[in-house]
Amino acid sequence: QVQLVESGGGLVQAGGSLRLSCVASGFPLGNYAVAWFRQAPGKGREGVACFNNMDLSTYYARSVKGRFTVSMDKVKNTAYLQMDNLKSEDTAAYYCARGGWGSWNATTSYDVWGQGTQVTVSS
């Protein structure tokens, strides 16, 4: 069974930090591109960041570049999203996903999704 499970969300004040974890089971996470998306109520999922295991490159949405950092621990089969200097507009449910080829910030590039973890940033 392939599965992704996110954790680490919570309520933080603006300017604070959170680290989200995404634990993979049933497959080696290092064989895939791993992306983080977020979704606010009533809106579509927005690509936040991606770690491409093919060339170890990273991609970030302009809105989070310089504040968020994506990484991976292959031994633990876990991906991470370090979020610093959080802003109220970062409030959303955050999802990790695995993918192969395609645009990094397109939901259609990914075939397995986690259940999501809520991040709420207060002003």
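Brief remarks on what is shown
- Annotation: Phe27 fulfils all but one of (1) part of a strand (DSSP E or B); (2) open to solvent by less than 30 Å² (accessible area, probe 1.4 Å); the unmet one is (1).
- Matching entry among Val2, Val34, Val12 (being open to solvent by 60 Å² or more (accessible area, probe 1.4 Å) and among the β-branched types (Val, Ile, Thr)): Val2
- Restricting attention to the range 62-106 and to residues that are crowded, with 21+ Cβ neighbours inside 10 Å and touching a Lys or Arg at 6+ places or on another chain (Cβ under 6 Å), the residue that is nearest to Pro41 (Cα to Cα) turns out to be Ala92.
- Selection within the range 43-60: residues that are closer than 17 Å to Gln115 by Cα, assigned to a loop (DSSP other than H, G, I, E, B) and open to solvent by 60 Å² or more (accessible area, probe 1.4 Å). The member of this set that is modelled with the lowest pLDDT is Lys43.
The values are calculated or read from the model by the stated rules, or taken from the named source; none is laboratory data. Note that the coordinates shown come from a computational prediction; the quantities given were computed from them, not determined experimentally. Glycine also receives a Cβ, built like all others from the backbone with ideal geometry; neighbour counts cover every protein chain displayed. Just the protein is used for accessible areas: all its heavy atoms, side chains included, with ligands, DNA and RNA removed. Shrake-Rupley method; radii C 1.70, N 1.55, O 1.52, S 1.80 Å.
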